[in-house]
2 protein chains.
Amino acid sequence: MNNDSLVRPLVSLVGAGPGDPELITVKGLDRLLEADIVLYDALVSPELLEHARMGAELIYAGKHPGRHSISQEAIHALLVKHVQAGRRVVRLKGGDPYIFGKGAEEALFLKARGIRVEVIPGITSAVAVPAAAGIPLTHRGISSSFAVMTGHRTEDNRPVLVPQADTLVYLMCVSNLENIVRSIAGERGQWDLPCAVIESGTTKRQKVITGALRNIVGRSKRAKLEPPAVLVVGEVVRLRGPLR
Amino acid sequence: MNNDSLVRPLVSLVGAGPGDPELITVKGLDRLLEADIVLYDALVSPELLEHARMGAELIYAGKHPGRHSISQEAIHALLVKHVQAGRRVVRLKGGDPYIFGKGAEEALFLKARGIRVEVIPGITSAVAVPAAAGIPLTHRGISSSFAVMTGHRTEDNRPVLVPQADTLVYLMCVSNLENIVRSIAGERGQWDLPCAVIESGTTKRQKVITGALRNIVGRSKRAKLEPPAVLVVGEVVRLRGPLR
């Protein structure tokens with residue numbers, strides 16, 4: 001511990017990883033074990049929270065569409081209140097804190113108030129969910145690049161981005177799947193492009209639906225696909241056969 | 001342990017993470033603690049290897065340009081030999097096994113020989129190295145997509161890919177930095193685009209060089225940049241000021 005850490009309060013912004021509770025980092029688990037206060041998001045595994053010590057306060061800070069849930073301002077206020085009261089505060093987020101999920105917004109808010117923030121990365125679903133389904137995002141001769149986007153409809157209704165990368169990964173793709181698939185097929189002119197939709201990847205509830213752009217929407221509907229799910233598009237999806 | 005695991009040998013393909021030895025996953029460390037044989041790559045932290053049990057055999061399987069080093073075929077042969085001799089084999093790779101680094105090639109080779117493979121993801125440098133330098137790859141209103149490529153010159157000398165994503169990440173960028181920067185500026189027509197080059201990110205030797213496309217090559221030369229390094233390009237680099 002240096003002088004700085006004795007003087008100024010610290011919030012640990014920790015990535016919980018993609019779902020499997022054993023995929024948190026050693027450093028992230030260490031912070032969770034020591035926390036007095038854990039503010040956690042919707043996609044954080046309940047098994048992971050069992051690691052918190054007796055007496056630690058666990059605060060649910062997830063958002064669910066259509067359900068009353070805590071605002072971003074209230075999350076900021078809770079973090080400031082608890083850390084200024086001298087408590088060890090862990091802000092636990094699904095995946096990686098800096099890949100979507102407003103981690104940098106919270107860090108900026110805290111830093112502007114003189115609060116130190118340490119960011120402990122987590123395994124992003126963009127990489128680990130395809131891997132758990134037998135799909136590497138890169139593979140020699142097949143894919144030497146990948147791009148990651150949210151599948152969510154944007155507030156300003158921008159068209160879905162289709163970057164020129166070998167493998168495309170759309171997080172949170174369920175509500176907007178048809179639009180995403182149409183955009184990719186329109187951009188690439190290839191309805192036969194292999195793809196997979198993976199629900200609850202890396203967990204015991206994992207469900208994998210494979211196909212091509214032309215049939216993935218119908219297959220996902222028949223499989224009653226539910227959030228959270230990741231869409232992967234590209235030739236690497238064909239490796240799932242031999243790799244699973 | 002199910003029946004399958006009693007019958008067929010298993011290789012654990014484990015991601016060591018981006019450099020900081022505490023950024024391995026709990027599951028990955030667990031496999032390392034139990035291993036009889038650890039085949040590890042050049043970018044794996046030496047501190048991490050100290051977790052292997054007494055008597056475990058540690059085999060260096062890294063490649064260094066210009067130095068005699070083990071071939072991919074020899075790595076395959078070693079994995080097969082040790083796992084078929086009944087040993088618990090961990091193949092430990094820098095970053096994530098399925099993001100570059102030939103993880104899927106090794107998995108395909110082993111599976112074709114009836115050997116089970118479990119893939120335990122690691123934190124990829126593409127995400128954690130920028131984060132450790134105070135740069136989130138996504139941020140509301142600034143970046144809602146990112147693309148990841150190798151910066152290496154390709155064998156067939158393909159031009160460097162510049163996907164249409166808000167943030168661009170080039171891994172292993174040192175030897176080809178000037179070419180990458182010219183390609184991006186050519187594609188985007190914006191020499192003022194903010195960027196950062198991060199050497200040995202997340203480790204104690206981390207070095208961060210920031211600038212814009214127009215001056216990053218000169219600055220990297222003056223800073224005597226050495227591999228491994230990651231190039232990040234995009235407006236998110238401006239967040240490094242308030243976030244570091």
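What pairs in B:K93/B:K224; B:K27/B:K93; A:K81/A:K111; B:K27/B:K63; A:K93/B:K204; A:K102/A:K221 have C-alpha atoms more than 18 Å from each other?
Pairs exceeding 18 Å: B:K93/B:K224; B:K27/B:K63; A:K93/B:K204; A:K102/A:K221.
Measuring label to label, 7 Å along Cα→Cβ, what does A:K204 give against each other copy in nm, shortest first?
4.2
Determine the distance separating the Cα centre of region B:187-244 from the Cα centre of region A:200-244; give it in Å without decimals.
First find each Cα centre; the distance between them is then 36 Å.
Just the accessible area for B:E187, please: 1.4 Å probe, Å², rounded to the nearest 10?
120 Å²
Residue-wise, which Karplus ³J(HN,Hα) couplings in Hz belong to region A:195-212, taking 6.51 cos²θ - 1.76 cosθ + 1.60, θ = phi - 60°, and x for glycine or proline?
8, 9, 10, 10, 9, 6, x, 6, 9, 5, 8, 3, 9, 10, 10, 10, x, 10
What ratio of Cα Rg to 2.2 N^0.38 Å holds for chain A?
Working: Rg = 19.5 Å, N = 244, 2.2 N^0.38 = 17.8 Å.
Its radius of gyration relative to the 2.2 N^0.38 Å reference: 1.10.
In percent, how large is the relative contact order of region B:129-187, given Cα pairs closer than 8 Å and 6 or more residues apart?
32 percent
Enumerate the helices in chain B for which the Kyte-Doolittle hydropathy averages -1.0 or more and the C-alpha atoms extend at least 15 Å along the helix's axis, using complete DSSP H runs.
Helices passing the filter in chain B: B:72-84, B:177-188.
Can you pull the accessible area of A:Y60 for me, 1.4 Å probe, Å² to the nearest 10?
Counting only protein heavy atoms, A:Y60 exposes about 80 Å² to solvent.
Given chain B, what percent of its DSSP beta bridges are antiparallel, to the nearest 5?
45 percent
Cβ under 10 Å from A:L193's Cβ, A:L193 left aside: what net charge do those residues give with Lys, Arg +1 and Asp, Glu -1?
Result for the local shell: 0.
Using only helices, what value at 222 nm comes out for chain B when you add -39,500 (n - 2.57) per DSSP H run of length 4 or more and divide by the total residues, to the nearest 500 deg cm²/dmol? Show your work: numbers first, answer last.
Details: 9 runs with 72 residues, N = 244.
Result for chain B, helices only: -8000 deg cm²/dmol.
In debye, nearest 20: dipole of the protein assembly as shown around its Cα centre with unit charges on the Cβ of K, R (+) and D, E (-)?
So the dipole magnitude of the protein assembly as shown works out to roughly 340 debye.
Which of rounded, prolate or oblate describes the protein assembly as shown when judged by the alpha-carbon gyration tensor and an a/c cut-off of 1.5? Please list the in-between numbers first.
Numbers: a/c = 1.16, a/b = 1.11, b/c = 1.04.
Taking the square roots of the gyration eigenvalues as a ≥ b ≥ c, the protein assembly as shown is rounded.
Can you put B:R205, A:R31, A:R53 in order of accessible area, largest first, using a 1.4 Å probe? Present the calculation step by step, with values, prior to reporting the outcome.
On the way: B:R205 165, A:R31 55, A:R53 90 Å².
The most accessible residue leads, giving B:R205, A:R53, A:R31.
Give the Rg/Rh ratio for region A:182-235, taking Rg as the radius of gyration of the Cα atoms and Rh as the Kirkwood radius, to two decimals.
Details: Rg = 11.3 Å, Rh = 11.4 Å.
Looking at region A:182-235, the ratio lands at 0.99.
In Å, what Kirkwood hydrodynamic radius results for region A:119-234 from the alpha-carbon pair distances?
On the way: mean 1/r = 0.0702 Å⁻¹.
The answer is 14.2 Å.
Looking at region B:24-126 from every direction and averaging, what is the projected area of its Cα convex hull in nm²?
For region B:24-126, averaging the hull's shadow over all directions gives 6.6 nm².
Given contacts defined as C-alpha pairs under 8 Å and at least six residues apart, what's the relative contact order of chain B, whole-number percent?
Relative contact order, chain B: 20 percent.
For chain A, with all protein chains present and a 1.4 Å probe, just round the carbon and sulfur fraction of the accessible area to a whole percent. List each step's numbers first, then the result.
Details: 5460 of 10870 Å².
C and S atoms contribute 50 percent here.
What residue among A:G95, A:G28, A:G55 has the largest mean-square fluctuation in a Gaussian network model of chain A, using Cα springs under 10 Å?
A:G55
Once region A:11-53 is represented by equal point scatterers at the alpha-carbon sites, with solvent omitted, what log10 I(q)/I(0) does the Debye formula produce at q = 0.18, 0.23, 0.33 Å⁻¹?
Results for region A:11-53 at q = 0.18, 0.23, 0.33 Å⁻¹ read -0.42, -0.72, -1.60.
Can you give the net charge of the other residues whose Cβ lies under 12 Å from the Cβ of B:V38, counting K and R as +1 and D and E as -1?
+1
Ignoring ligands and nucleic acids, what accessible area does B:H152 show with a 1.4 Å probe (Å², nearest 10)?
Here the accessible area works out near 100 Å².
Which order do A:L43, B:L193, B:L58, A:L78 take by accessible area at a 1.4 Å probe, largest first?
My answer, sorted largest first, is A:L43, B:L58, A:L78, B:L193.
Say R0 is 41 Å: what FRET efficiency, to the nearest 0.05, do B:E178 and B:R116 get from their beta-carbon distance?
0.40
The values are calculated or read from the model by the stated rules, or taken from the named source; none is laboratory data. On a predicted model such as this, the values are computed, not experimentally measured, just so you know. Counting neighbours? That spans all protein chains shown, and the Cβs are built from the backbone with ideal geometry, glycine included. We work out accessible area using only protein heavy atoms, side chains counted, and drop any ligands, DNA or RNA first. Shrake-Rupley method; radii C 1.70, N 1.55, O 1.52, S 1.80 Å.
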